1. Give me the number: length gained by fully extending residue 15 to residue 46, i.e. 0.36 nm times residue separation minus the C-alpha to C-alpha distance, one decimal in nm.
2. Among [x] 1.00; [y] 1.05; [z] 2.01, find the value of Cα Rg over 2.2 N^0.38 Å that was calculated from the structure presented, and write down its label.
3. Summing -39500 (n - 2.57) over the DSSP H runs of n ≥ 4 in the chain and dividing by its residue number, what mean residue ellipticity at 222 nm do you reach, to the nearest 500 deg cm²/dmol?
4. Among 29-37, 17-25, how do they line up from the highest to the lowest mean number of other beta-carbon atoms within 10 Å?
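Bear in mind these aren't lab numbers, they're just calculated from the coordinates by the rules spelled out. Every value quoted in this text rests on a predicted model; they were computed, and no experiment measured them. Methodologically, a virtual Cβ is constructed for each residue, glycine included, from the backbone with ideal geometry; neighbour enumeration extends over all protein chains shown.
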């Protein structure tokens, strides 16, 4: 898998939270890539859901 490609688990977790998907789409490219890189370290569905939830609670992300 290409390192810049959206991991399946991240894509699925974002699809379940449309507001998180919208926020992810608004991020600058470098921040999106950093989140994708971090998602490669996630090992369970629950962890991925928490990872996406963090995107919604992160005050520095665009709203």
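1. So the extension gain works out to 9.7 nm.
2. Read-out from the structure maps to [x].
3. Dividing the helical sum by the residues of the chain leaves -20000 deg cm²/dmol.
4. On the way: 29-37: 13.4, 17-25: 15.0.
Highest-to-lowest ranking by the protection proxy: 17-25, 29-37.
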